[in-house]
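Below is one structure; the comments refer to it alone.
What follows draws every value from the coordinates through simple rules; no lab data is involved. Everything numeric here is computed off the predicted structure, so don't read it as measured data. Counting neighbours? That spans all protein chains shown, and the Cβs are built from the backbone with ideal geometry, glycine included.
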Amino acid sequence: METIQVVLDSALLRAADGAAKRAHINRSALIRNTLREYLKRLSVREMEARDRQGYEEHPDTWDSSRERVQTWPRE
């Protein structure tokens, strides 16, 4: 592991320390866990944006006239 220096304002530091205490972990573990979760969500958002762009550039060509309505048999 590497040691880094992070600057936080007082309110954010107090909130982080409170969250770490409630989670029964130290401040460093809280920051690591939070950063991992943020990076995971960021990756998902980037993949979704690429998918959205791909669908916009190449829209679905499904012909809805080919769809058939399914009905339950009558007794």
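Relative to a virtual label point 7 Å from the Cα of Leu8 in the Cα→beta-carbon direction, which members of the stretch 31-57 show backbone nitrogen distances below 17 Å? Within reach of a label on Leu8: 31-39.
When each of the peptides 27-33, 17-23, 46-52, 2-8 is scored by how many other beta carbons lie within 10 Å of its residues on average, the order from highest to lowest is 27-33, 17-23, 46-52, 2-8.
For Ala29 and Trp72, a Förster radius of 35 Å and the Cβ-Cβ distance give a FRET efficiency of 0.05, rounded to the nearest 0.05.
Subtracting the Cα-Cα distance of Arg36 and His58 from their residue separation scaled by 0.36 nm leaves 4.6 nm.
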